[in-house]
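This report refers to the structure that appears directly beneath it.
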Amino acid sequence: MKVYNTLSREKEEFIPLEKGKVGIYVCGLTVQNYSHLGHIRGAVNYDVIRRYLEYKGYEVRYIQNFTDINEKIFERAREERMTPEELAEKYTQAYLEDIKRLNIKGATHYVKATDNIDEIIKMIEKIIENGYAYEVNGNVYFDVEKYTDYGKLSGRTLEEMQAGARVDIVEEKKNPLDFALWKKAPEGAIDWDSPWGRGWPGWHIECSAMSTKYLGESFDIHGGGSDLVFPHHENEIAQSETCTGKPFAKYWLHNGSVNFKGEKMSKSVGNFFTTRELLEKFTGRELRYYILTFHYRSPIEFSLEEVKNTSAGLRKIDNTLKNLLRLKESKTKEGALKNGKYKVSINEYKKAFEEAMDDDFNTARAIGIIHEFLREINSVINHMDFQLTGENMVVVNEAYEFLNTGMSILGIEKENPVIDERNTEILNDLITFILDVREEARKRKNWEMADMIRDGLNELGIIIKDTPQGVVWERVSE
């Protein structure tokens, strides 16, 4: 299995630090508002990465943070007339509700900056002791010129950063690129005691302290959006490695941005859809499936129409699973048709699916392989000579298992497969009964009744087809 490492700027063989175990830290959001599609895109991408690693047999420890204190939260709390703690809790819970609807597994630990102030202060003290930070007027800054590897993640030199960086000019800094580890908090804000006076932590140090606390001084995967490469992740490396003297994260993974009308979707620009707005238009499965039709590193040019169009692919998978389930539960086992080649083909598709996921978690290609498989398996089970016996039942069972496994890895399985299969069985029986009534009407030459049944099913999104084996039906919309 290979992953693209932003640090080396190439695909590398994935070899975890400890055999059989993987530690993942993913930067979460600043909980000042409802999540938007840009946040959810990353959450879905890293959830699939986690699921696939677990499928491969790894024990995954997955940590995600919430930045729950900074100037933005302080100002937003004043606007909403609540305390910063109340505001952060409100939007943290909203985010957790949102991701549940997209079938995102919970983190091993969700960690908050305000719960780890002691660890943050200790890390800052160690960085100062090691000679890489300095205090001025109650503020503590990281001295970027002291750290010779600064820029190794983003691939930029100090000179390039100084020329192109958007940094606040603060006279007390030695270098405009020096960033705050600890800050004096605004008057009236929540703050904490520290060796440098009352204040609160800088943004970057939070993630260094919390990832180290929960995953150790060195761990396997650090994930986040591509917009975090510089300065956030660059600064995390600088802080962590000057504190511990050890390599920080081994593999750096970054998901692409979500763009809308040519611009990155963001709160600062105001061109975003909240997750909740989108969930009023689409199901969580449809949104998740849409996101996964793109490679996680590729940008997404978002449009509502494209989500709608893409969801048709999800219905094709569901319809095939429905038909396979119907065959699995069929009592007709007479006749014979040898088609062992299809058993081999299923194994080849499984191999191709895994090869796609082994190639830097390429969900776009994996979904493409699933749809190639749908075309082949549907041509088999709809063939006029296909009968359920011998090897054919093996084909049906293996096809059903392959699709279910693939959907589980991608996280697009039905919410409750047991209930769903029971509902499918009831629906099958009900529509079979309706079609029997229609067939009886046709035998009696009651064409008006037969057409009324056909048209009524069409309006419900059920298309009926005449085949050599009899009438079959397909759901084309949900």
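The values are calculated or read from the model by the stated rules, or taken from the named source; none is laboratory data. What you are looking at is a predicted structure, and each value in this text was computed from that prediction instead of being measured. Cβ placement follows ideal geometry from the backbone for every residue including glycine, while neighbour counts extend to all protein chains displayed.
Descriptive notes on the structure:
- Considering the range 231-268, and only residues there that are in contact (Cβ under 8 Å) with a residue 40 or more places away in the chain and basic (Lys, Arg), the residue that is nearest to residue 216 (Cα to Cα) turns out to be 250.
- Applying the condition of being β-branched (Val, Ile, Thr) and under 28 Å from residue 47 (Cα atoms) to the range 59-96 and asking which residue is surrounded by the most Cβ atoms within 10 Å (Cβ to Cβ) yields 69.
- Of the candidates 119, 135, the single residue that is among the acidic types (Asp, Glu), assigned to a strand (DSSP E or B) and over 23 Å from residue 6 (Cβ atoms) is 135.
- Close pairs from the range 100-113: first free of Cβ contacts under 8 Å to residues at least 60 places away in the same chain, partner of a type in the set (A, V, I, L, M) and part of a loop (DSSP other than H, G, I, E, B), Cβ under 9 Å, at least 6 apart: 112/31; 112/69
- Matching option when the condition is at pLDDT below 85 and not assigned by TED's automatic domain parsing to the domain that holds residue 318, among 381, 464: 464
- Lone qualifier among 305, 280, 286 - being among the charged types (D, E, K, R), modelled with pLDDT of 90 or more and in contact with a helix residue (DSSP H, G or I) (Cβ under 6 Å, 6 or more places away or on another chain): 286
- Test result for residue 46, in a helix (DSSP H, G or I), among the hydroxyl-bearing types (Ser, Thr, Tyr) and either at pLDDT 95 or above or not assigned by TED's automatic domain parsing to the domain that holds residue 276 (or both): yes
- For residue 327: the one exception among (1) outside the structural domain of residue 373 (by TED's automatic domain parsing); (2) of a type in the set (A, V, I, L, M, F, W, C); (3) assigned to a helix (DSSP H, G or I): (1)
- Only one of 426, 370 that is at negative phi and at pLDDT 85 or above: 370
- Number of the condition not met by residue 289 [criteria: (1) closer than 23 Å to residue 203 by Cβ; (2) assigned to a helix (DSSP H, G or I); (3) touching a residue at least 40 places away in the same chain (Cβ under 8 Å); (4) not small (Gly, Ala, Ser)]: (1)
- Within the range 52-69, residues that are without any contact (Cβ under 8 Å) to a residue 60 or more places away in the chain and in a loop (DSSP other than H, G, I, E, B) reach partners that are of a type in the set (Gly, Ala, Ser) and crowded, with 23+ Cβ neighbours inside 10 Å with beta carbons closer than 9 Å, at six or more positions or on different chains, in the pairs 68/88; 68/113.
- Taking each residue of the range 430-455 that is over 19 Å from residue 326 (Cβ atoms) and looking for partners that are not in a helix (DSSP H, G or I) with beta-carbon atoms closer than 8 Å, six or more apart or interchain, yields 454/464.
- Hey, residue 164 under 25 Å from residue 5 (Cβ atoms) and either at pLDDT below 95 or outside the structural domain of residue 246 (by TED's automatic domain parsing) (or both) or not: yes
- Residue match in the range 255-262 (condition: assigned by TED's automatic domain parsing to the domain that holds residue 152 and more than 30 Å from residue 316 (Cβ to Cβ)): yes
- Strands (runs of 3 or more DSSP E) contained in the range 180-266 and holding at least 2 residues touching a Leu at 6+ places or on another chain (Cβ under 7 Å): 219-225, 249-255
- Meets criteria (more than 22 Å from residue 74 (Cα to Cα) and touching a residue at least 24 places away in the same chain (Cβ under 8 Å)) for residue 183: no
- Taken over the range 51-72, the criterion of being over 22 Å from residue 206 (Cβ atoms) and basic (Lys, Arg) is satisfied by 51, 56.
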